[in-house]
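Visitor: The structure under discussion is supplied below as structure tokens; questions concerning it will follow.
The values are calculated or read from the model by the stated rules, or taken from the named source; none is laboratory data. Keep in mind that what you see is a predicted model, and the values were worked out from it rather than measured. Note that we place each Cβ from the backbone using ideal geometry, even for glycine, and neighbour counts take in every protein chain shown. Just so you know, the surface numbers come from the protein's heavy atoms only, side chains and all, with ligands and any DNA or RNA stripped out. Shrake-Rupley method; radii C 1.70, N 1.55, O 1.52, S 1.80 Å.
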Amino acid sequence: MSSFLSGGGMCGRCGKKVYHAEEKVGALRSWHKIGCYTCKDCNVTLSSTTVAEAMEENEIYCKSCYGRKYGPKGYGYGAGAGTLSMDAAEGKWAETTGPLTAAGMSYMGGNRCPRCGGSVYHAEEVLGAGMSWHRGCFNCHTCNKKLDSTTCQENSGEIYCAACYGKSFGPKGYGFGGGAGALTNTGS
């Protein structure tokens with residue numbers, strides 16, 4: 001049997017034979033597409049756009065874990081005010097050091113999503129309320145309705161659909177849905 005038909009070598013994660021139909025190549029090694037082509041630290045399944053190769057150890061990571069382990073450290077690189085530090089004391093979760101603002105939104109080559117805190121790359125970016133959002137995170141804070149940049153309303157860094165924004169932050173009183181046609185009994 002020729003080497004072309006037999007596969008690309010041994011898997012970098014499990015050490016078993018990798019055939020061409022199930023092969024991904026990274027960090028100068030072959031990996032099984034399913035089960036083994038995952039981040040060494042967090043075990044998330046990788047793709048060609050999310051993989052980061054650590055050539056010095058012939059390992060693969062997601063971009064987030066790679067940046068945390070090998071990326072620059074210090075103020076302006078995710079360690080200053082308004083950022084989330086994932087490096088915490090043993091057995092404890094990290095805490096944010098301040099509010100996330102538009103001024104501190106750059107993160108690992110992409111912008112940081114204000115909803116989930118993850119990196120927003122150009123292919124998945126939606127702009128609204130002056131910030132970059134993941135397409136899946138760009139929904140109403142109250143009712144979870146999907147939004148687009150022309151229908152979103154912003155208040156205190158969160159986005160809302162027009163209906164929820166009106167209920168929460170719109171005018172109140174007679175003539176604004178609070179008159180005789182919308183009387184409520186408050187019990188007093």
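Visitor: Restricting to segment 119-148, name every residue that is open to solvent by 70 Å² or more (accessible area, probe 1.4 Å) and either within 28 Å of residue 68 (Cα to Cα) or of a type in the set (Phe, Trp, Tyr) (or both).
Guide: Those that are open to solvent by 70 Å² or more (accessible area, probe 1.4 Å) and either within 28 Å of residue 68 (Cα to Cα) or of a type in the set (Phe, Trp, Tyr) (or both): 121, 122, 123, 127, 130, 135.
Visitor: A follow-up question, please. Can you pull out every residue in segment 99-118 that is open to solvent by 30 Å² or more (accessible area, probe 1.4 Å), among the hydrophobic types (A, V, I, L, M, F, W, C) and at pLDDT 80 or above?
Guide: Listed by number, the list holds a single entry, 116.
Visitor: Another question, then. Which residues, taken from segment 156-169, are open to solvent by less than 60 Å² (accessible area, probe 1.4 Å) and closer than 18 Å to residue 113 by Cβ?
Guide: 157, 158, 159, 160
Visitor: If you check every pair at least six apart or on different chains, which have Cβ atoms under 6 Å apart with a residue in segment 1-19 that is small (Gly, Ala, Ser) first and a residue that is modelled with pLDDT under 65 and not in a strand (DSSP E or B) second?
Guide: Within 6 Å, no pair qualifies.
Visitor: May I ask you to list pairs of residues, at least six apart or on different chains, whose Cβ atoms are under 7 Å apart, with the first in segment 35-48 being part of a loop (DSSP other than H, G, I, E, B) and the second being open to solvent by less than 40 Å² (accessible area, probe 1.4 Å) and of a type outside the set (A, V, I, L, M, F, W, C)?
Guide: 39/61; 40/59; 40/61; 41/61; 44/38; 46/37; 46/38
Visitor: So which residues in segment 21-34 are of a type outside the set (A, V, I, L, M) and either without any contact (Cβ under 8 Å) to a residue 12 or more places away in the chain or touching a helix residue (DSSP H, G or I) at 6+ places or on another chain (Cβ under 8 Å) (or both), if there are any at all?
Guide: 32, 33, listed by residue number.
Visitor: Would segment 170-184 turn up any residue that is at pLDDT 85 or above and part of a loop (DSSP other than H, G, I, E, B)?
Guide: No, segment 170-184 contains no residue that is at pLDDT 85 or above and part of a loop (DSSP other than H, G, I, E, B).
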